[in-house]
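The values are calculated or read from the model by the stated rules, or taken from the named source; none is laboratory data. It should be emphasised that the depicted structure is a prediction, and the values quoted were computed from it without experimental measurement. Here the Cβ positions follow ideal geometry from the backbone for every residue, glycine too, while neighbour counts run over all protein chains shown.
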Amino acid sequence: MFLRLITLFILFTFHSSLFSEEVQNNKKEIYSGKKLKALLITGGCCHNYTFQSTALTSGIEEKVNVEFTVVNEGGNGTKAKIALYNDPDWAKPYDVIVHNECFAGTLDPDYIKKITNVHKSGKPAVVIHCAMHTYRSAQIDDWRKFLGVTSKRHEHKAQYPVIPVAKDHPIMKGFPNKWITPKDELYVIDKLWPKTKALAYSVSERTGKKHAVIWTNEFGSARVFGTTYGHSDDTFKDQVFIDLLARGLAWAASKS
Ligand SMILES: [Zn+2]
């Protein structure tokens, strides 16, 4: 009898530990694997980066097993150099880097390469909105090749319909067939780089041209996920947008 009780106790304990592990693993809707470390680099011109950073990190952390570190530097101008990049191992502690910065007027090729070389060697990235106009006037193409798109300007703010074109891609899983953005800017895409795959586009209200607004890129051995939306606070309050970023981050960080 005593032995039976002990056996039952052991079985119960084993089962409940399995169960609690299962509950823990199922906690995050988009990614529940080993905890990821992410670095968000933000700052510069034209956007409310304090609000965006909170919305982005808390929104993604709800659905992805990830812990964010935020570097918000460079003030609110168009030219800055972030000290972090002077350390050649700046990205080493992180599984994925999120770029949501806006420094169109920084041109120094050596500085830009401190960032792109790290990604080229395999550090995954998520690139958002004004990251596409960062280092815009630089002579070298390294940053644009890393992003996967070349864009030099944007069109007016409007509520743009977003049409998915790669519905089977894991990043687009659960994305609506036609999402209308909160008021945001349409970035004019002059060029998609050869390894870029457009996942969704929007149409210019001025020219009727289609522009990729969500895409993936391969840069060296790194996965890059990008979207040109993300101008307004309202976009960062939209669950569709935050979920998109969450799936993009999880995809970029989990190269199989
Ligand atoms: Zn903007």
When you go through (1) in a strand (DSSP E or B); (2) touching a Lys or Arg at 6+ places or on another chain (Cβ under 8 Å); (3) β-branched (Val, Ile, Thr) one by one for ILE171, which number turns out not to apply? (1)
Among the residues of the stretch 169-201, the number that are within 16 Å of the ligand (Cβ to nearest atom) and touching a helix residue (DSSP H, G or I) at 6+ places or on another chain (Cβ under 9 Å) is 7
Inside the stretch 178-209, can you point out the residues that are of a type in the set (D, E, K, R) and either at pLDDT 95 or above or crowded, with 22+ Cβ neighbours inside 10 Å (or both)? LYS183, ASP184, GLU185, ASP190, LYS191, LYS195, LYS197, GLU205, ARG206, LYS209
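Can you tell me which residues in the stretch 208-226 are among the basic types (Lys, Arg) and without any contact (Cβ under 8 Å) to a residue 40 or more places away in the chain?
LYS209, LYS210
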One residue is enough: does the stretch 109-117 have a residue meeting the conditions within 16 Å of the ligand (Cβ to nearest atom) and more than 18 Å from the chain's Cα centre (by Cα)? no
Taking THR106, is it outside any loop (DSSP other than H, G, I, E, B) and either surrounded by fewer than 23 Cβ atoms within 10 Å (Cβ to Cβ) or touching a Lys or Arg at 6+ places or on another chain (Cβ under 7 Å) (or both)? no
Part of a strand (DSSP E or B) and either within 16 Å of the ligand (Cβ to nearest atom) or modelled with pLDDT of 95 or more (or both): which single residue out of ALA212, ALA166 fits that description? ALA212
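Among the residues of the stretch 71-80, is any out of contact with any strand residue (DSSP E or B) (no Cβ under 8 Å at 6 or more places or on another chain) and surrounded by fewer than 20 Cβ atoms within 10 Å (Cβ to Cβ)? Let's see the steps before the verdict.
Taking the stretch 71-80 and keeping what is out of contact with any strand residue (DSSP E or B) (no Cβ under 8 Å at 6 or more places or on another chain), we get 79.
When the remaining residues are screened for being surrounded by fewer than 20 Cβ atoms within 10 Å (Cβ to Cβ), the result is 79.
Yes, that holds for at least one residue.
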Return the residue satisfying two criteria in turn: it lies in the stretch 89-104 and is touching a helix residue (DSSP H, G or I) at 6+ places or on another chain (Cβ under 7 Å) and among the charged types (D, E, K, R), and of such residues it is farthest from the ligand (Cβ to nearest atom). ASP95
Checking the conditions here, which among PHE175, PHE236 is in contact (Cβ under 8 Å) with a residue 60 or more places away in the chain, over 13 Å from the mean Cα position of the chain (by Cα) and either over 27 Å from LYS28 (Cβ atoms) or surrounded by 15 or more Cβ atoms within 10 Å (Cβ to Cβ) (or both)? PHE175
